[in-house]
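Nothing in this text is a laboratory measurement; each read-out follows from the coordinates by a stated rule. Just so it is clear, the model here is predicted, and its values are computed rather than measured. Here the Cβ positions follow ideal geometry from the backbone for every residue, glycine too, while neighbour counts run over all protein chains shown.
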Amino acid sequence: MSSRLALFGGEPAVTRDDADPWPRFDRAEASLLMDVLHSRNWNYGPKCRELEETFARFQDAGFGLVCSGGTNALEAACRGAEIGVGDEVITSPFTFHGTCMGILAAGATVTFADIAPDTDNIDPDAIEAAITPRTKAIMVVHFGGLACDMRRIQTIADRHGLVVLEDACHGWGATYMEKGLGSWGLASGFSFQQSKNITSGEGGIALTNDEEVADRIGCVINSGRSRFDRAPAEMRWGGNHRMTDFTAAILLCQLKRVRQQTDIREQNAAMLSRTLSRFDGIEPVRRLPEATRASWHIYSARYAPDEFEGVSRERFLQALRAEGVPASGGYTEPVYRNPLFQNDWKAGAYRPYAWTTMDESPDYRNLHLPNVEAASADRIWLSQRALLATEERMKEVCLAFEKVGAHADELNTGNAA
Ligand SMILES: *Cc1c(COP(=O)(O)O)cnc(C)c1O
């Protein structure tokens with residue numbers, strides 16, 4: 001290996017091509033898609049039902065309801081739990097904004113509670129501090145597929161009479177105390193969008209163990225009619241967010257691969273963590289011992305410039321990328337910095353329904369949660385795709401970290417000396 005940084009013209013540490021395209025598929029998907037085509041059952045049908053059963057079982061939940069995407073699944077989870085107008089839902093500000101869109105679509109209001117400093121997940125103490133008389137639910141986000149502290153969160157919820165919901169949009173195949181994510185709360189949502197570990201381009205599923213909740217979720221997805229396999233007991237208000245059998249066919253194939261893929265990601269994440277533990281300045285986020293299996297949608301670590309001669313995270317990432325490591329800096333700001341939460345609510349034509357019904361909308365403009373703001377500035381991420389590398393390639397990725405770490409002083413000057 002060249003000791004000269006690739007950024008300054010040296011040989012990149014990662015020589016093996018990351019040519020493996022995403023998403024992955026083979027003849028299984030092609031064949032099942034053709035089956036659906038010939039079946040002439042192109043809308044919600046047997047493939048969707050098979051996926052609902054298979055995926056619910058895979059995550060240890062009683063009922064699965066497929067839908068158009070993760071955001072819709074989260075809205076359905078809220079409404080299935082009878083969360084709506086006038087209710088507050090506490091959630092994490094370190095997430096894709098779809099978490100909040102789901103809550104807002106249900107008509108509820110979002111309250112942010114800070115993450116813990118050493119994880120990417122919501123801090124149970126911060127949840128407790130954020131509870132008001134209007135709080136009805138806690139929507140946890142299992143960030144990257146590393147489980148939240150579900151026992152403590154459920155205890156807090158029970159003490160205050162709240163419902164726990166799970167944004168498990170990173171949680172396919174992941175467990176807490178050996179039981180699937182998405183099966184712990186009253187209801188949960190998963191995404192199958194293009195970037196996710198199991199994908200059909202778009203798509204989602206809501207899970208619950210409660211049959212009545214499942215019926216209400218069905219209404220949100222299925223034009224106000226109850227669950228797909230039952231006669232409608234009553235009609236509620238709901239949109240059409242149904243999945244088609246084409247989508248379900250792809251997902252049934254993707255689901256067959258995910259166990260093995262998760263094994264690979266777990267091994268690669270462990271290898272990377274062993275390497276990074278040699279640096280004082282890069283610390284993988286803490287994984288709870290109860291997080292018995294992680295899906296590693298994102299591998300996330302804290303970067304401390306002080307331990308690398310003051311080299312900025314962006315400069316360090318630039319050097320890593322030059323070595324062939326597809327690392328990124330993750331979310332640049334907490335969700336509450338999103339313009340939706342920062343603009344004057346009265347001025348916005350498309351303001352969320354909840355806010356139109358309130359005398360005073362929540363004011364997020366002075367909200368500052370220190371841990372999520374620090375995390376937005378100091379994380380280094382590798383995606384699930386990077387974690388799916390062969391062992392040989394992953395060794396090179398680790399070498400790239402060691403190389404850039406050892407030569408960090410050169411990054412300050414930009415000097416190739
Ligand atoms: C992807 C994602 C969503 C939204 O899923 P869509 O399928 O894009 O609607 C919600 N929450 C998190 C944490 C996500 O990563």
Return the distance in nm (one decimal) between the two label points of a simple spin-label model at residue 390 and residue 267, each offset 7 Å from Cα along Cα→Cβ.
1.3 nm
Can you tell me, using C-alpha contacts under 8 Å and at least 6 residues apart, the relative contact order of region 210-312 as a whole percent?
16 percent
Value of [θ]222 nm, deg cm²/dmol, for the chain, DSSP H segments ≥ 4, -39500 (n - 2.57) each, nearest 500
-11500 deg cm²/dmol
For region 88-237, what's the radius of gyration and Dmax over Cα atoms, in angstrom?
15.3, 49
Given 5 Å bins starting at zero, what is the percent of C-alpha pairs of region 204-284 in each, up to the one with the largest pair distance?
3, 12, 14, 13, 11, 9, 8, 9, 8, 7, 4, 1, 0
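Which semi-axes, in whole Å and largest first, does the equivalent ellipsoid of region 93-151 have when worked out from the alpha carbon gyration tensor as the square roots of 5 times its eigenvalues? Spell out each step's value before the answer.
Working: eigenvalues 68, 44, 17 Å².
Equivalent ellipsoid of region 93-151: 18, 15, 9 Å, largest first.
Output the antiparallel fraction of DSSP beta bridges having both residues in region 157-274, as a percent to the nearest 5.
Numbers: 8 of 11 bridges.
Approximately 75 percent, going by the DSSP bridge assignments.
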Jot down the radius of gyration and Dmax of region 260-319, Cα atoms only, both in angstrom.
13.2, 40
Spin-label model distance (nm) - residue 125 vs residue 304, 7 Å beyond Cα toward Cβ
1.9 nm
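With only Lys, Arg, Asp and Glu charged, each at its Cβ (+1 for the first two, -1 for the last two), find how big the charge dipole of the chain is about the Cα centre; round to the nearest 20 debye. Walk me through the numbers on the way to the answer.
Details: 44 positive and 57 negative charges, 205 e Å.
That gives the chain a dipole magnitude of about 980 debye.
Using a simple charge model, +1 on the beta-carbon of Lys and Arg, -1 on the beta-carbon of Asp and Glu, nothing else, what dipole does region 1-111 show about its Cα centre, in debye to the nearest 20? Before the final figure, lay out the partial values.
Working: 9 positive and 15 negative charges, 43 e Å.
Dipole magnitude for region 1-111 comes out near 200 debye.
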Using a Debye calculation, one point per C-alpha and no hydration shell, please list log10 I(q)/I(0) for the chain at q = 0.07 Å⁻¹ in order.
-0.35
Distance in nm between pseudo-label sites at residue 31 and residue 8 (7 Å out along the Cβ direction from Cα):
5.5 nm
Show the residues, 5+ positions off or on another chain, whose built amide H is closer than 5 Å to the amide H of residue 135.
88
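Tally Lys/Arg at +1 and Asp/Glu at -1 over every other residue whose Cβ is under 10 Å from the Cβ of residue 285; what's the total? Can you show the working numbers first?
Working: positive: 286, 287, 302, 379; negative: 118, 120, 283.
Residues near residue 285 contribute +1 overall.
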DSSP beta bridge pairing in the chain, given as percent antiparallel to the nearest 5
60 percent
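Run through region 1-104 and list the trypsin sites (Lys or Arg not before Pro) located in a DSSP loop whose Cβ has at most 13 other Cβ atoms within 10 Å. Present the calculation step by step, with values, prior to reporting the outcome.
Details: sites: 4, 16, 24, 27, 40, 47, 49, 57, 79; in loops: 4, 16, 24, 40.
Listed in order of number, the matching sites are 40.
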Spelling it out for residue 222: with amide H atoms placed in the peptide plane at 1.01 Å from N, the residues 5 or more places away or on another chain with amide H under 5 Å from its amide H are 241
Where does the Debye-calculated log10 I(q)/I(0) of region 354-411 sit at q = 0.16, 0.19, 0.25, 0.27 Å⁻¹, using only Cα point scatterers of equal weight, no solvent?
-0.76, -0.89, -1.04, -1.06
Which FRET efficiency, nearest 0.05, do residue 22 and residue 366 yield, Cβ-Cβ r, R0 51 Å?
0.80
